[in-house]
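Written below as structure tokens is the structure these notes are about.
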Amino acid sequence: MPYMKFLFSNKQLLGLAAACFMAFLSEEAIGQDEPQTEDELDILRSPMGQDLEEELIPLGDIIGIAMENSPFLTFEEAQIRSHKEQVTIAKRDFHRNLALMGNYATGNQRFIIDGAQGAGMQSNLLDGYRISLNLQIPLSDFTTRKQQIRVSQAELDAARSRMGQAEIELKRQVVEEYNALLSAQKVLRIVSTNKENSSIMQEMAERQFRDGVITVEELARVNEIATNAEINFEEMKRNFNTLYMQFENLVGVPITTLMRER
């Protein structure tokens, strides 16, 4: 935000500074029992009331928590497990060429009749249990089986590589957003202080305008500075809240659970 020059005379500037100083002494004498503004209360209730740089656990621990809770890494882990099973299936694919069959039959079908040694004596060779094993080996098993195993293994290696890339990217994002969040909190505190100072200057300028010490143009300049300070504060406040929620989504847990134990 560009700085603006005050066009006060020396006498007017000294009067305004003296009024601010007297107001400050009056507040100190009375104490801080006066109710705070809504903006001040919002700040105290928000995470800005705590110094995140001091209160958060070490960044390395935060990265570990993010890796445990990241849905992106969970997806890549599932892909690795899937490709491992595909490799196992490719190695055992020859089992599909084996067929084991069994059945049991009984009845009075006439199959063999022994008429020479006993009339009416018959034997049915179809009665009882039977088991058979059938093996068919396609020619493609000899020509492409090794290649199929290699393809499955290559897909597994690629999944592991993507997992490594996802871990690196997640670490980079956590570090980047962690530093952005801390920086946003510091900037928000600075603009908050500037807003409060601008409000005090605005009140003093209004008093001096009523007393005829400053002109309406000079009052307008002070009001403009106070308005710009208010706008800047709201923008930084929104930016901090956005980064705060983005960081929680990235790590996978509320920031309050990342605070150091006291």
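Scanning the range 191-215 for residues that are part of a helix (DSSP H, G or I), β-branched (Val, Ile, Thr) and surrounded by 14 or more Cβ atoms within 10 Å (Cβ to Cβ) gives Val191, Ile200. So for the range 239-246 (the condition being more than 19 Å from Ser192 (Cβ to Cβ) and either open to solvent by 50 Å² or more (accessible area, probe 1.4 Å) or touching a helix residue (DSSP H, G or I) at 6+ places or on another chain (Cβ under 6 Å) (or both)), does at least one residue qualify? Yes; the residues of the range 239-246 include at least one that is more than 19 Å from Ser192 (Cβ to Cβ) and either open to solvent by 50 Å² or more (accessible area, probe 1.4 Å) or touching a helix residue (DSSP H, G or I) at 6+ places or on another chain (Cβ under 6 Å) (or both).
Among the candidates Glu235, Glu218, which residue alone is free of Cβ contacts under 8 Å to residues at least 12 places away in the same chain, part of a helix (DSSP H, G or I) and of a type in the set (D, E, K, R)? Only one candidate passes the filter, namely Glu235. Scanning the range 163-181 for residues that are more than 15 Å from the chain's Cα centre (by Cα) and open to solvent by 90 Å² or more (accessible area, probe 1.4 Å) turns up just one, Gln165. With respect to the conditions (1) surrounded by 13 or more Cβ atoms within 10 Å (Cβ to Cβ); (2) within 26 Å of Gln202 (Cα to Cα), Thr227 lacks only one, and its number is (1). Entry remark, the range 209-255: residues being among the β-branched types (Val, Ile, Thr) and over 21 Å from Val187 (Cα atoms) number 7 in total.
Between a residue in the range 64-77 that is more than 14 Å from Gln173 (Cα to Cα) and any residue that is of a type in the set (D, E, K, R), which pairs come within a Cβ distance under 8 Å, given they are 6 or more apart or on different chains? Cβ pairs passing all conditions: Glu76/Arg162. State whether one or more residues within the range 143-159 are at pLDDT 70 or above, loosely packed, with under 14 Cβ neighbours inside 10 Å, under 16 Å from the mean Cα position of the chain (by Cα) and in a helix (DSSP H, G or I). No.
The values are calculated or read from the model by the stated rules, or taken from the named source; none is laboratory data. Source: prediction; values computed, not measured. Glycine gets a Cβ as well: all are built from the backbone with ideal geometry, and neighbour counts include every protein chain shown. Side chains are part of the model used for accessible areas, which takes the heavy atoms of the whole protein and leaves out ligands, DNA and RNA. Shrake-Rupley method; radii C 1.70, N 1.55, O 1.52, S 1.80 Å.
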